[in-house]
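These notes are about the structure you will find just below.
Just so it is clear, none of the values below were taken in a lab; they were calculated from the coordinates. The structure displayed is predicted, hence computed values, not measured ones. Glycine also receives a Cβ, built like all others from the backbone with ideal geometry; neighbour counts cover every protein chain displayed.
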Amino acid sequence: MRKAKLADRIAREIEDSIVAGRWSSGTPLGNEAAIVAERGVSRWTVREAVRMLEVDGLVESRRGGGGGLFVGAPVADFVASRLAHYLEFVGIDADEIGEVWNRVGPALILDAAPHLEPADLEELAALAIPAEGEELGVGFNRVRRIDDVISRRSGNPALVLAAAVISQLALHAGWYSTLDDEAYEALFPPLISHFQDSAAALARGDVDEAAEAFRDYTTASLPLIRSSPLIERASVRPGAIERAYRIYPGIRPVKKADMVTGALRDMIFEAGWPVGLNIGTEPELMARFGVGRAVLREATRALERVGVVRTSRGAAGGLIVAEPDPAAVIDCCHRHLRREGTTPANLAEVRALVAACTGTRLKPLLLTAMDIDNS
């Protein structure tokens, strides 16, 4: 246990350095030997810490010449992922997602519009024009790039974070939809079209129309979100995630640990989230998924960081289903917002938007996440 705790501390120190420095994706953090020497810890401890951060997407390891450890996903995406994963495990209402999204998304567009540069407008205009016969995966990539342009031009880090949380919740819910294949695939072209309409309006300076097109997008997303068992923590439709991978290959995990994390999550949902249930010992789970100890531990670490599982030692030990504690994800959010220089006015804007909604899970968590003065 001592090594695990030390690895947690090293992971937190590296995370704090990235967040405090506002380093962009791809920034080099050094190789393993350099980090070992700098931190004064063992190679094992550094590797364990790096695995924790890789699970969250905050860092990535590259092999070969010029390899080492690099900053991975944008910090806002990393923090949003932590909040979204927590909400997925505690359960959340589809209509609450839609209600908050309908307020936060247009507000982000209105906030970013005055800061768009000529190059941004050109990029948005280009992304708003689909190619004839374009595959859905290419259309999804356009949506992601449009969202990136808008988010990076916003002057409100709290608004960017809130929008990213809702967007991830909606995206993940869509992966697990219970709709049949024909109905499922028929929903996506209109969604992509609405998002591109928003980009086109923004490119020509019609901000109100851009916000309205985004509302059309969120409204059209609701049938997809409502059809997802992920929202209610119900049984997952067999083959659902594989279908999502076929439509949008970019979401497919490339690492074994990520796939095992998803499988463990599905096991927990399938069992009905019985807190205290032992879902298997380490050897049993290694055999079940056909992976080694290092891969399994990396996979379970992702769930441990949001409090979904805990590891019990001893003869009766194993991976135990737990009740998530929001304290860690809220603290992560507060640290991010402080280091982004979030102002009281930024926070007040998002809190006012969220407070006007009626939900009972997403609303209170977001209000707490945006209350950095009382943390």
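If you put +1 on each Lys and Arg Cβ and -1 on each Asp and Glu Cβ, how big is the dipole of the chain around its Cα centre, in Debye rounded to 20?
Values: 43 positive and 52 negative charges, 410 e Å.
With only Lys, Arg, Asp and Glu charged at Cβ, the dipole is about 1960 debye.
Report the Cα-based extents of region 225-375 along its three principal axes, largest first, to the nearest Å.
In descending order, the Cα extents are 53, 40, 28 Å.
Specify, per residue and in Å³, the volume enclosed by the convex hull of the alpha carbon atoms belonging to region 1-72.
Values: hull volume 5.7 nm³, N = 72.
About 79 Å³ per residue, rounded to a whole number.
How large is log10 of I(q)/I(0) for the chain at q = 0.07 Å⁻¹ when the intensity is taken from the Debye formula with one equal scatterer per alpha-carbon?
Result of the Debye calculation: -0.32.
Quote to one decimal, in nm, the extra length available between THR358 and ASP181 on full extension: 0.36 nm per residue of separation minus the C-alpha distance between them.
Values: separation 177, 0.36 × 177 = 63.72 nm, distance 3.26 nm.
Here the segment from THR358 to ASP181 would lengthen by 60.5 nm.
Can you run phi through the Karplus equation (6.51, -1.76, 1.60; θ = phi - 60°) for region 74-88 and list ³J(HN,Hα) in whole Hz, with x for Gly and Pro?
x, 4, 4, 5, 4, 5, 4, 4, 4, 5, 5, 5, 4, 5, 4
I'd like the Karplus ³J(HN,Hα) series for region 263-272: coefficients 6.51, -1.76, 1.60, θ = phi - 60°, whole numbers in Hz, and an x wherever there's a Gly or Pro.
5, 5, 4, 5, 4, 5, 4, 4, 7, x
Run the quick spin-label model on ARG313 and GLU270: label points 7 Å from Cα toward the beta carbon, then report their separation in nm to one decimal.
3.1
Assuming a ≥ b ≥ c are the square roots of the Cα gyration tensor eigenvalues, decide whether region 48-168 counts as rounded (a/c under 1.5), prolate (otherwise, with a/b larger than b/c) or oblate.
The shape class here is oblate.
Kirkwood Rh over Cα pairs of region 208-300 into Stokes-Einstein at 20 °C, 1.002 mPa s: D in µm²/s?
Details: Rh = 15.7 Å.
Result for D is 137 µm²/s.
Taking amide hydrogens as modeled 1.01 Å from N in the peptide plane, which residues meet the under 5 Å criterion relative to LEU277, leaving out close sequence neighbours?
Those lying under 5 Å, H to H, from LEU277 are VAL321.
For a footprinting-style exposure proxy, rank VAL295, VAL275, VAL309 by other Cβ within 10 Å, fewest first. Walk me through the intermediate numbers first.
Values: VAL295 19, VAL275 10, VAL309 23.
So the residues, fewest neighbours to most, are VAL275, VAL295, VAL309.
How much net charge surrounds PRO238 when only other residues with a Cβ under 14 Å from its Cβ are counted (Lys, Arg +1; Asp, Glu -1)? Provide the component values of the computation, followed by the final result.
Numbers: positive: ARG237, ARG243; negative: ASP180, ASP181, GLU242, ASP266, GLU270.
Once all neighbours under 14 Å are counted, the net charge is -3.
Restricting to Cα pairs below 8 Å that are 6+ residues apart, what does the relative contact order work out to for region 77-232? Please round to a whole percent.
Details: 187 pairs, mean separation 62.6, N = 156.
After rounding, I find 40 percent.
For region 134-189, rounded, prolate or oblate, judged on the Cα gyration tensor with a ≥ b ≥ c (square roots of eigenvalues), a/c < 1.5 rounded, else prolate if a/b > b/c? Could the numbers behind the result be given before it?
Numbers: a/c = 4.41, a/b = 1.75, b/c = 2.52.
Oblate shape, in that a/c is at least 1.5 and b/c is the bigger or equal ratio.
Tilt of helix 207-226 relative to the longest C-alpha principal axis of the chain, in degrees (0 to 90, nearest 10)?
Approximately 50 degrees, to the nearest 10.
With springs only between Cα atoms under 10 Å, which of ALA294, ALA244, ALA163 fluctuates most in a Gaussian network model of the chain?
In the Gaussian network model the winner is ALA294.
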